[in-house]
Amino acid sequence: MRVDILTLFPGMFAPVLGESILRIAQEKGRVEFHLHDLRAYGEGTRRNVDDRPYGGGPGMVLMCGPVFRAVEAIEREAGGRARRVLTSPQGRLLTHDLALGLAGEGRLLIICGHYEGYDERIPLGLGAEEVSIGDYVLTGGELAAMVIVDAVVRLTPGVLGDEESSQRDCFAQGLLGYPQYTRPAEFAGMKAPEALLSGDHARVAEWRAAETRLRTAQRRPDLLMRRARIAVADLTGRKDGP
Ligand code: ADE
């Protein structure tokens, strides 16, 4: 997979892309990152990329020209159109399913939204999907782009070994993860659950499944509702079928 990232702050990415799974994925040849400085496509001698919003109001708005020019140049260099993503608090929420969909692409182009906003013709004219990493506002889209890249790359085939398979990620099942323990069996008066120390695989699996359900019901009942809706749609689909 080739990932192009268009940003005003390319220097923010090196420490994140150079460590852990993202580094290993590049070493294994599963992913390559290309960082592009939006400033290089700015206007005039000062290389401006933003301007005051029509209608007034505070802040500056990212202009179309620099972003369109950059996207065209990047895709010409990369040899074709990528799936285009624009980071934005107004976007569709990043979920496991969306990350899985993006991981299936050969090419991604992530445009980091910045300042107080961007000209609406950027997502419209470029057909870029606006993606949010949560209901809060970051100073810029760079951290959001890093979150998207991390979530996507670990789901790309061949990146994780069997041991750490993404199939075991809690959200792959649409549920939260179960509690984990390691040595010592007792710490500061707190004991690891008996079932996990029993050595009985069936008992361990049963305990984990129960804890997964309990935790999800207590903390994220919305995930259980979503699973229920999917199950109903599946069953209804089958009933209506031949
Ligand atoms: N830019 C600013 N806030 C953001 C968010 N929550 N998600 C994605 N991009 C953003």
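The values are calculated or read from the model by the stated rules, or taken from the named source; none is laboratory data. This structure is a prediction, so every number in the text was calculated from the model and none was measured. We place every Cβ from the backbone using ideal geometry, glycine too, and count neighbours over all the protein chains shown.
Among the residues making up region 93-115, those that are surrounded by 15 or more Cβ atoms within 10 Å (Cβ to Cβ), more than 18 Å from residue 37 (Cβ to Cβ) and out of contact with any helix residue (DSSP H, G or I) (no Cβ under 7 Å at 6 or more places or on another chain) are 98, 100, 105.
The single residue among 90, 167 that is surrounded by fewer than 22 Cβ atoms within 10 Å (Cβ to Cβ) and either of a type in the set (Ser, Thr, Tyr) or touching a residue at least 12 places away in the same chain (Cβ under 8 Å) (or both) turns out to be 90. Checking 158, 127 one by one, the residue that is more than 16 Å from the ligand (Cβ to nearest atom) and assigned by TED's automatic domain parsing to the domain that holds residue 99 is 127 and no other. Here 104, 113 are screened, and the one residue that is more than 15 Å from the ligand (Cβ to nearest atom) and assigned by TED's automatic domain parsing to the domain that holds residue 137 is 104. Within region 93-103, the set of residues being touching a residue at least 24 places away in the same chain (Cβ under 8 Å) and of a type outside the set (Ser, Thr, Tyr) comprises 93, 94, 96, 98, 99, 100, 102, 103.
I'm trying to understand the selection: among the residues of region 19-40, which are within 20 Å of residue 102 (Cβ to Cβ), in contact (Cβ under 8 Å) with a residue 24 or more places away in the chain and not small (Gly, Ala, Ser)? Break it down stepwise before answering.
Going residue by residue through region 19-40, those that are within 20 Å of residue 102 (Cβ to Cβ) are 20-26, 28-36.
Next cut, in contact (Cβ under 8 Å) with a residue 24 or more places away in the chain only: 21-22, 24-25, 28, 30-36.
Scanning region 19-40 gives 21, 22, 24, 28, 30, 31, 32, 33, 34, 35, 36.
Just one of the listed residues (76, 92) is away from the ligand (no atom under 16 Å from the Cβ) and either at pLDDT 95 or above or charged (D, E, K, R) (or both), and it is 76.
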